[in-house]
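The structure appears below as structure tokens.
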Amino acid sequence: MASILKLFVKSFSFSTLYFITISLAFVAYHYHLYSPTLKIIVPDGYTGEVSLILSNVDKNILTVDSNGLGYVNKWTFKKTYSHPEVITSSGKKINNQCVGFNPSTFWSLNKFCCVDGKVIRSLSFEIVPEDKLEQKQYYRRGLAGLVDTRKLYAVEEHELLPVRKASVSL
């Protein structure tokens, strides 16, 4: 790659171009490796908000229920920032129906209080109907009665807040 760049940019030495190329490749690899691309499975015909709840599960539960709820572990919750791959239970890819929080941040960080003394934290996005592509619909719902409280992650108030400051709903 550095040799190809050297043909076009004659003012830099080969070693400078080599180290720039290696640095950029490392950053891209690090981004890909440490931000997992989640494969989320939703029920056929589902539209609405999808929320991945911070939980104490060892393995992420990315097949969301009819309420749009899935469960992710702490590592996934903190490291996820890339767009997910979203498919229906019948196998249809519906990434074009997914609308993120805003153009620069796909995931919305939500915080709801309180269920059994625990705070519910979730990463969210919307799935919109096919006739409203790329139009945020602002689906909102209370998660208190929908979340499996046995899976909630007990977290200190300060533990995850500095990681993301996208959206907070109380």
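The values are calculated or read from the model by the stated rules, or taken from the named source; none is laboratory data. Only a predicted model underlies this, so the values are computations on that prediction, with no experimental measurement involved. Cβ atoms come from the backbone with ideal geometry, glycine included; neighbour counts cover every protein chain shown. Heads up: the accessible areas ignore ligands, DNA and RNA and are worked out on the full protein's heavy atoms, side chains in. Shrake-Rupley method; radii C 1.70, N 1.55, O 1.52, S 1.80 Å.
Worth pointing out:
- Loop-located chymotrypsin sites (Phe, Trp or Tyr not before Pro) in region 11-66, at most 13 other Cβ atoms within 10 Å (DSSP): 12
- Simple label model, 7 Å out from Cα along Cβ direction - residue 56 to residue 37, nm: 3.4
- Residues within the reach of a label modelled at residue 104 (point 7 angstrom out along Cα to beta-carbon, backbone nitrogen below 19 Å), restricted to region 24-42: there are none.
- Accessible surface of residue 17 - all protein chains present, 1.4 Å probe, nearest 10 Å²: 10
- Take residue 148: with every protein chain present and a 1.4 Å probe, its accessible area is about 30 Å².
- Shape of region 1-113, Cα gyration tensor, a/c cut at 1.5: prolate
- The residues of region 23-76 expose on average 53 square angstrom of accessible surface per residue, using a 1.4 Å probe on protein heavy atoms.
- Heavy atoms of residue 64: accessible area, 1.4 Å probe, square angstrom to 10: 10
- Listed residues 78, 93 arranged by accessible area, highest first, probe 1.4 Å: 93, 78
- Percent accessible area from carbon and sulfur atoms, region 34-101, protein chains only, probe 1.4 Å: 49
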